[in-house]
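Only one structure is covered here, and it is reproduced in the block below.
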Amino acid sequence: MDGEEEIDLDRSLRNLLFDGLASQIMFSLLTVSIISSYLASRNASPLLIGLVAATPYLSQLVQIPSAIFAEKFSRKKLSLVSNAVSRISLLAMAFAVLSASDLVMFIAFFAIYNVFKEISTAPWSSWMRDLIPDSIRGQYYSTRMAYGKLVSLFAVLAFTVIFNLLGSATFPLLFSTAFIAGMVSLYFINGIDDVKVGKTGRRSLKAPLKNRNFLKLISGTSLWRFASELALPFYSVYIIAVLKYPVWIVIALTAVSQLSSIYFLRISGRIMDRFGNRPVLALSFTAFSIAAFLFTFTTMPERHLFTLPLLVVIYVLDGFYTSVPGIALMNVVAKISPKGSSASYYALNYVINSVFGAAGSLTGGIVASFFVSANFAVKIDIESSLGFLEVPALHFASYDFLFLISAAISLAAIKMLRLFDEENAKDEQTVKVEMKRAVITDICSLMTAMHIPLPNTSNYVKFANQSGFSALSLNYQPSLEPLPSIPEDLNKGS
């Protein structure tokens with residue numbers, strides 16, 4: 001690459017790693033769950049929450065024009081300037097919360113944060129593509145992502161404790177911390193060497209539209225994006241408004257999701273390489289449908305003994321379907337796009353999924369508002385000589401209908417995804433068994449390390465032998481592999 005002799009690669013990669021740690025802390029404090037929790041604490045309507053949740057997706061549309069500037073000016077300067085504006089808006093959000101001003105100000109600054117963050121995406125991705133050598137890119141991104149998620153987990157846990165002590169008064173501190181982490185990230189970005197833009201070929205958005213297999217892929221993934229964003233912004237709203245849990249419970253569940261994400265990224269990389277990306281995508285879509293459906297059983301009609309355990313299970317699944325699909329999708333787009341012409345495929349994939357995600361959030365707000373007073377219940381009456389007993393069998397109310405619709409659409413997306421043809425991909429059942437093996441192996445490895453006797457040892461040995469690994473050594477390779485190679489578009493530090 002041009003100017004390679006002038007680049008201190010070791011120093012640049014070190015600064016990029018520290019940028020990843022700081023930026024991941026910032027992102028972890030600005031999730032949809034946290035933003036929705038704040039809006040719910042201010043008694044915002046479901047329609048408004050859906051609109052705000054759509055903002056990150058709508059703002060991604062600016063990536064198309066920003067790509068033009070990425071080729072004409074210094075990509076480092078564009079990244080620094082746009083990210084500076086984006087992160088300063090976080091401080092403005094903190095002041096808006098602290099002053100208890102109208103929600104319009106908070107939403108406006110949140111929109112500014114997202115728009116300028118996305119303006120930096122194209123120049124950042126192009127810059128990192130030219131900076132990091134191909135031979136170490138996958139391993140480097142895996143390490144960077146793993147460390148970033150681990151550090152951000154401690155930040156989330158810390159705010160869980162603070163929310164438990166201070167309640168909603170914690171929000172100004174949270175957004176201020178996100179601002180500080182963002183500025184620290186900028187400091188390290190400034191320490192990364194710039195790379196001159198090389199010659200680029202002409203990119204056309206028409207070529208992917210002529211690829212029928214690509215269109216089948218996008219049809220399934222965009223429909224799932226619509227389904228997931230129909231419900232995801234309202235998970236935290238449901239926990240606070242319906243289940244009446246404090247905000248710190250939402251933050252704690254977010255930490256559970258992050259732990260789950262780290263784990264599933266760890267075991268999914270080799271599985272995707274060996275068995276294909278499509279079946280992993282399908283399983284993640286299924287996991288979302290199960291999670292959305294389980295939400296409807298957290299009340300009967302009030303919260304019950306199993307409500308919190310159900311929420312933990314839901315957020316364990318959340319870690320899987322919010323982290324793995326992005327990697328699998330980027331991998332499969334790379335497989336089906338012609339060499340040297342993948343940019344248009346990535347761009348079209350990103351924009352279409354963003355539009356459907358925004359539409360899902362907006363539709364979710366409308367649907368939630370429509371069903372806010374709806375109620376459906378099925379009860380079983382048992383009458384005997386001992387007396388009369390009424391047992392609630394099913395109870396759906398308000399947001400439950402939204403979650404059911406979302407789960408159903410997600411299942412339809414799986415059907416559409418199966419029309420996509422991925423070379424050498426195995427069936428979903430094979431991948432499901434493989435992931436089960438990895439999870440069981442890791443659980444047994446942990447129990448062995450802690451000197452806890454394994455239950456049903458004979459059954460485990462039988463399953464292990466069928467799985468092709470030793471139950472005594474517990475040496476299952478997929479779970480011991482590093483994180484999968486992460487495309488630069490998903491791991492930008494901006």
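Read-outs throughout are calculated quantities, based only on the coordinates presented, and are distinct from any laboratory measurement. Predicted model, so just to flag it, every value in this text is computed and none were measured. With ideal geometry, Cβ positions are generated from the backbone for all residues, glycine too; neighbour counts draw on all protein chains shown.
Run the dipole for the range 209-342 about the Cα centre, Lys and Arg Cβ at +1, Asp and Glu Cβ at -1, nothing else charged, and hand back the magnitude in debye, nearest 20. Could you put the intermediate results ahead of the total?
Working: 12 positive and 4 negative charges, 140 e Å.
Dipole size: approximately 680 debye.
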Using a simple spin-label model with points 7 Å from Cα along the Cα→Cβ vector, what separation in nm is obtained for Arg418 and Leu165? 5.3
Cβ-placed point charges (K, R +1; D, E -1), dipole of the range 30-123 about Cα centre in debye, nearest 20: 320
Two-site label geometry, Phe73 and Val312: point separation in nm, points 7 Å out along Cα→Cβ: 5.1
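Exceeding 20 Å between C-alpha atoms, which entries from my cross-link table qualify? They are Lys117/Lys216; Lys216/Lys335; Lys210/Lys335; Lys77/Lys149; Lys76/Lys196; Lys117/Lys206.
Numbers: Lys117/Lys216 30 Å; Lys216/Lys335 14 Å; Lys210/Lys335 16 Å; Lys77/Lys149 27 Å; Lys76/Lys196 10 Å; Lys117/Lys206 27 Å.
Beyond 20 Å: Lys117/Lys216; Lys77/Lys149; Lys117/Lys206.
Residues with beta-carbon under 9 Å from that of Ser82, excluding Ser82: net charge, scoring Lys, Arg +1 and Asp, Glu -1? Before the final figure, lay out the partial values.
On the way: positive: Lys117; negative: Glu118.
Surrounding charge for Ser82 is 0.
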What whole-number distance in Å separates the alpha-carbon centres of the range 18-60 and the range 264-331? 20
